[in-house]
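K.L.:
Can you keep this structure in mind? I'll have questions shortly.
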There are 2 protein chains.
Amino acid sequence: MKIAVDAMGGDYAPAVIIDGSVQAAKEGVPIVLVGIKDEVEYHLSKFQTRGLPITIRHASEVVGMEESPVTAVRKKKDSSLRVCFDLVKNHEAGAVVSAGNSGAAMAAGMLVLKRLEGVERPAITVCWPTIKDGMVAILDVGGNVDCKPIHLAHFAIMGDVYAKYVMGKDNPKIALLSNGEEEGKGNELTRLTHELLKRSSLNYAGYIEGKEVFKGEIDVVVTDGFVGNVALKFGEGLVEAMVAMLKKNMQESLMAKLGYLLARGAFAKFKKKLDYAEYGGAPLLGIDGICIISHGSSSAKAIKNAIFRANEFIKCGVTAHMNEELEKNKDLAIVSERQTG
Amino acid sequence: MKIAVDAMGGDYAPAVIIDGSVQAAKEGVPIVLVGIKDEVEYHLSKFQTRGLPITIRHASEVVGMEESPVTAVRKKKDSSLRVCFDLVKNHEAGAVVSAGNSGAAMAAGMLVLKRLEGVERPAITVCWPTIKDGMVAILDVGGNVDCKPIHLAHFAIMGDVYAKYVMGKDNPKIALLSNGEEEGKGNELTRLTHELLKRSSLNYAGYIEGKEVFKGEIDVVVTDGFVGNVALKFGEGLVEAMVAMLKKNMQESLMAKLGYLLARGAFAKFKKKLDYAEYGGAPLLGIDGICIISHGSSSAKAIKNAIFRANEFIKCGVTAHMNEELEKNKDLAIVSERQTG
C-alpha cells in the first residue's frame, strides 16, 4: 500500500517533506505526495526519481499551522491534509504522514476515517528512550485536554496494542501517570481510571510517578492530553536547557573545552538517542486508519522515518488488533457509566 | 527568631538533620532541634557545639514517611513535626524546617497555624534554574490534586509575593502552565483561572508551555498540584536518565573517557546548579507562618540551606506581604463564584 504524504504540511514544507519522501521511496516504500502540483513537481525535479515509486496527487488548498483545526478541515475540502485522509478512506493509500497542523490531522482523522468502534477520543502517542536502552510509549500527549476515565482506559488499550504489534513487546506493562505510586495518590480522574484498568484485560501495573517513566520498567504510560503535553514539553525544555548549560560550562576552561572536543561523539550519540527524527513522528491511535503526525520542524530524515513507521503499522495490521482488544474490554464502558452515576 | 527543625523527619534523620543544623548554627542562625531528646543529644554530642545557638526540645513521637498525613498529625500530638508547628504558634520559633512526611507538614501547618485569610489551599513551591542564570518558581508541586480556579489564583498571588520578597524580583512575571500559549488552549481549569488572573493586580503574562519554563522569561509558573508534581518528577527523572546515558556513552571509547575526565568540572558545576541541596527545600505558602519542606533524602547541606531559606523568610516578613496582596485581590473570589454558577 502507498503512504499518502502531506507535502504542504510542516515548517519547511514542501522542500524537506519531499526530500524525506524521496529517501523513503529509494528504500522501496511507495509514496503519493499530496499538494499543490506545480510546487511539488518543482521540488521533486531536484531529485533523481526515475524508477522510484512516487506519484503526485494535486490538492489546491493548504491548512496553516495556526488555523482552527475543525474549521480548517471542514472548509478546506481540497486541502493536502484532507485529501491524504480521503485517499486512505478510498483505499488508494494505506496511511497518512503529516508534519502540518496536528490538531487538524486529528480532526480530519475523526471526520474522514471516523473513530474505531467504542472509542470517543483518539490519542497522540510518543516514544521516549529509557535507560535500559528500550523505549517507553506515552499517550495522550496533546489531543484531549479534559478527559473522562473511559477515555484514559481506551488510551491504555490502544497503547497496549501499539506496544505489542509495533514496538514488539510481549505482554506490555501499562501504568497510569500519577503524583505517587500508592493507591491513595492521584486525582479524581486517575482514581476512577485506576478502577477501570484493574478490571481490564491488560497487564496493568498501577500508578507510575513521573520520575520512574525513563527507568524502562513500564512499556506504556497513560495520561490525559493536558498532563501528557505539559510533561512532555516540560521535559523537552529541560533537556534543551541542560544541554545548553552543560555546553556553556564546557566552554569555560581550556581543559573542559578539550574534554568536550574528545567527548563530542558521546554527545552526538546521546543527541541521536533523544532525537525526534530517529523515531519518526507520533502515531494517532483510535481512528479507523493509520496516521503518523510528525513534528512541525521535522527534518527530511524525520519524514523518512515517519514513512517507515507508517509502513510498519500497515504491515502489522494494527487497526484490526485494536478492534479485537477494544471488543474484549467493552464492559469497561458500562463500569465507567456506573462510576459517574 | 529561632528556627524549629524537625530532627526526626527525613530518610537520614536524625544524624544528617543535626549535622545540617549545626552547620547553620555555626553561621549564627539560632536553632531549636525538636525530637526524642536522648537520640538528639547523642547525635549532637558528636559535634563541637559549645557557644552555638542550639537548644533541644523533647517530643516523644515521630511521624513516619508513609503515614496518612491528617491522621498522623491529629493523633500524634507530641510528634516532632507537630511540636515544631506548636513552637511557631506560641512564638517560641519563627519558622519550621522539616524533611519528613511532606503531606503531614502541610496538614500540621493548616491545623496548627491555620491558613491565611481567604486562602483555601496552601501550596508547595520549588525553584529551578533557567538558562539565563536565574531561577523560576513553580507552584503547586504536590499538595493539591483537584484544584478550583480560585486556588490557582491564590497560588499566583503567593508566588508573586515570594518572587518579590524572597527571590528579589522587581514586578515578577506570572504565567499559567498550559498545553499551548494561545487563548484557545488549556483545559477547563486553566481557562477559568486565566479569566481570574487577567483581573488580578499581578503582572500576568498568560499561558506558558512546558518548553518555555526554563528560558528565564517568566518568574513564577502556576499549576495545580497534580500537574506540577507530575511535570517536576518527569523532569527529574529525565535529567537522571540523561546524565546516566551521557556518562555511559562517555565510557565507550578511550577518547570519550579522557574527554569526560577533562570535562568533569563542567559536569560537577552543572550538577550543582540542578542540585536540590543548593536551594534548600520548598516553601509551603499560604499558611499563617513559615515552613520549609525539604526533600526526604536531604543531605546536611540541604538542611543547612533550608534553614538559611527559612531565616530569609522571617527577615523579609513574607506573611504580612501575603496578607496585603491577598486583600488587594479579594474580589477574585467573587468573580470565581460567579464563574461556577
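K.L.:
Rounded to the nearest 5, what % of the DSSP beta bridges within the protein assembly as shown are antiparallel ones? Mind showing how you got there, number by number?
P.N.:
Working: 20 of 74 bridges.
Taking every DSSP beta bridge with both residues in the protein assembly as shown, the antiparallel ones total about 25 percent.
K.L.:
Can I ask one more? Work through the residues other than A:Val318 whose Cβ is under 14 Å from its Cβ and net out their charges, Lys, Arg +1 and Asp, Glu -1.
P.N.:
Values: positive: A:Lys164, A:Lys169, A:Arg309, A:Lys315; negative: A:Asp160, A:Asp288, A:Glu312, A:Glu324, A:Glu325.
After counting each charged neighbour, the total is -1.
K.L.:
Just to be sure I understand: with springs between alpha-carbon atoms less than 10 Å apart, which residue in B:Cys291, B:Cys84, B:Cys316 has the highest mean-square fluctuation in the Gaussian network model of chain B?
P.N.:
Greatest mean-square fluctuation among the candidates belongs to B:Cys316.
K.L.:
If I build a Gaussian network model for chain B, linking alpha-carbon pairs within less than 10 angstrom, which residue out of B:Leu238, B:Leu189, B:Leu254 has the largest mean-square fluctuation?
P.N.:
With Cα springs under 10 Å in chain B, the top fluctuation among B:Leu238, B:Leu189, B:Leu254 is at B:Leu254.
K.L.:
In nm, one decimal, shortest first: how far is the label point of A:Lys89 (7 Å from Cα along Cα to beta carbon) from the matching points in the other copies?
P.N.:
Those label-point separations list as 6.7 nm.
K.L.:
Right, next: Given a Förster radius of 45 Å and the C-beta distance between A:Glu240 and B:Ala320 as r, what FRET efficiency does 1/(1 + (r/R0)^6) yield to the nearest 0.05? Numbers along the way, then the final one.
P.N.:
Numbers: r = 39 Å, r/R0 = 0.87.
Once the sixth-power term is evaluated, E becomes 0.70.
K.L.:
How many angstrom separate the Cα center of region A:106-136 from the Cα center of region B:186-233?
P.N.:
That distance is 26 Å.
K.L.:
In nanometres, what is the gap between the two model label sites at B:Asp170 and A:Glu337, each 7 Å from Cα along Cα-to-Cβ?
P.N.:
Roughly 6.2 nm, to one decimal.
K.L.:
Taking the label point 7 Å from Cα in the Cβ direction, how far apart in nm is B:Tyr12 from each other copy of itself, listed shortest first?
P.N.:
Nearest to farthest, the other copies are at 4.7 nm.
K.L.:
Please state, rounded to one decimal and in Å, the Kirkwood hydrodynamic radius that the protein assembly as shown gives when every pair of distinct Cα atoms enters the mean of 1/r.
P.N.:
Numbers: mean 1/r = 0.0372 Å⁻¹.
It is 26.9 Å.
K.L.:
Kindly state, as a whole number, the per residue volume in cubic angstrom of the convex hull around the alpha carbon atoms of chain B.
P.N.:
Values: hull volume 50.3 nm³, N = 341.
Cα-based convex hull of chain B, divided per residue, equals 148 Å³.
K.L.:
I would also like to ask the following. Please identify which residues in region A:302-341 have an amide N closer than 20 Å to a label point set 7 Å out from the Cα of A:Glu183, following the Cα→Cβ vector.
P.N.:
A:335-336, A:339-340
K.L.:
Can I ask one more? Above 16 angstrom, tally the Cα pairs of region A:248-324 and express them as a % of all pairs, no decimals. Walk me through the numbers before you get to the answer.
P.N.:
Values: 1839 of 2926 pairs.
For region A:248-324, the fraction of Cα-Cα distances above 16 Å is 63 percent.
K.L.:
While we're looking at this one, here's another question. Note down the nm distance, to one decimal, between modelled labels 7 Å out along Cα→Cβ at A:Arg115 and at A:Lys89.
P.N.:
Modelled inter-label distance: 1.8 nm.
K.L.:
To the nearest 20 Debye, how big is the dipole of region A:129-229 about its Cα centre, given +1 on the beta carbon of each Lys and Arg and -1 on that of each Asp and Glu? All intermediate terms of the calculation are to be shown ahead of the outcome.
P.N.:
Details: 11 positive and 15 negative charges, 38 e Å.
So the magnitude is around 180 debye.
K.L.:
For a bin width of 10 Å, list the pair-distance distribution of region B:1-133 built from all Cα-Cα distances, rounded to whole %.
P.N.:
Histogramming region B:1-133 at 10 Å steps yields 13, 42, 31, 12, 2 percent.
K.L.:
Which helices of chain A meet both criteria: a Cα extent of 30 Å or more along the helical axis and a mean Kyte-Doolittle score no lower than 0.0, with helices taken as whole DSSP H segments? Don't skip to the answer; put the middle values down first.
P.N.:
Working: long enough: A:225-250 (37 Å, 0.68).
Helices meeting the criterion: A:225-250.
K.L.:
If ligands, DNA and RNA are left out, what is the accessible area of A:Val96 with a 1.4 Å probe, given in Å² to the nearest 10?
P.N.:
Probe radius 1.4 Å; accessible area of A:Val96 about 0 Å².
K.L.:
How much FRET efficiency would the formula 1/(1 + (r/R0)^6) give for A:Gln48 and A:Met135, where r is the Cβ-Cβ distance and R0 is 35 Å, rounded to 0.05?
P.N.:
Values: r = 34 Å, r/R0 = 0.98.
For A:Gln48 and A:Met135, the calculated efficiency is 0.55.
K.L.:
Cα gyration tensor of region B:86-141, axes a ≥ b ≥ c as square roots of the eigenvalues: rounded (a/c below 1.5), prolate (a/b > b/c) or oblate?
P.N.:
On the way: a/c = 2.25, a/b = 1.86, b/c = 1.21.
It is prolate, given that a/c is not under 1.5 and a/b is the larger ratio.
K.L.:
Which number do you get for Rg(Cα) / (2.2 N^0.38 Å) in region B:281-333?
P.N.:
On the way: Rg = 13.6 Å, N = 53, 2.2 N^0.38 = 9.9 Å.
Normalised Rg, Cα atoms only: 1.37.
K.L.:
A follow-up question, please. Determine one quarter of the surface area of the Cα convex hull of region B:44-106, which equals its mean projected area, and express it in nm² to one decimal.
P.N.:
Values: hull surface 20.5 nm².
So the Cα hull casts an average projection of 5.1 nm².
K.L.:
Explain nothing, just the number: dipole magnitude of the protein assembly as shown about its Cα centre with +1 on each Lys and Arg Cβ and -1 on each Asp and Glu Cβ, in debye rounded to the nearest 20.
P.N.:
In debye, rounded to 20, the protein assembly as shown gives about 1500.
K.L.:
A further question on this structure: Between region B:286-341 and region A:248-322, what is the separation of their alpha carbon centroids in Å?
P.N.:
41 Å
K.L.:
I've got another one for you. If the viscosity is 0.890 mPa s and the temperature 25 °C, what translational diffusion coefficient in µm²/s does Stokes-Einstein give for region A:199-341 when Rh comes from Kirkwood over Cα pairs? Could the numbers behind the result be given before it?
P.N.:
Details: Rh = 19.0 Å.
The Stokes-Einstein estimate is 129 µm²/s.
K.L.:
While we're looking at this one, here's another question. Could you state, as a whole-number percent, how many of the C-alpha pairs of region A:158-201 are farther apart than 16 Å? Walk me through the numbers on the way to the answer.
P.N.:
Details: 423 of 946 pairs.
Every Cα pair in region A:158-201 considered, those over 16 Å come to 45 percent.
K.L.:
While we're looking at this one, here's another question. Would you mind classifying region A:10-59 by shape? Square roots of the alpha carbon gyration tensor eigenvalues, ordered a ≥ b ≥ c; an a/c under 1.5 is rounded, otherwise it is prolate if a/b is larger than b/c and oblate if not. Walk me through the intermediate numbers first.
P.N.:
On the way: a/c = 1.57, a/b = 1.38, b/c = 1.14.
Taking the square roots of the gyration eigenvalues as a ≥ b ≥ c, region A:10-59 is prolate.
K.L.:
Moving on to the next point. Would you mind telling me the antiparallel percentage of the DSSP bridges in chain B, rounded to 5?
P.N.:
Details: 10 of 37 bridges.
Bridges in chain B are about 25 percent antiparallel.
K.L.:
Near the amide H of A:Ser68, under 5 Å away, which other amide H atoms are found, from residues 5 or more places off or on another chain, if H is placed in the peptide plane?
P.N.:
none
K.L.:
Which cross-chain or sequence-distant (5 or more) residues have an amide H under 5 Å from the amide H of B:Gly180, H modelled 1.01 Å from N in plane?
P.N.:
B:Gly186
K.L.:
Something else about it: Note the distances from B:Asp170 to each other copy's matching label point, with points 7 Å along the Cα-to-beta-carbon direction, in nm, sorted shortest first.
P.N.:
Counterpart label points of B:Asp170 in the remaining copies fall at 6.5 nm.
The values are calculated or read from the model by the stated rules, or taken from the named source; none is laboratory data. Quick caveat: nothing in here was measured; it's all calculated off a predicted structure. Neighbour counts are summed over all protein chains in view; Cβ atoms, including those assigned to glycine, are modelled from backbone coordinates with ideal geometry. For accessibility, only protein heavy atoms count, side chains too; no ligands or nucleic acids. Shrake-Rupley method; radii C 1.70, N 1.55, O 1.52, S 1.80 Å.
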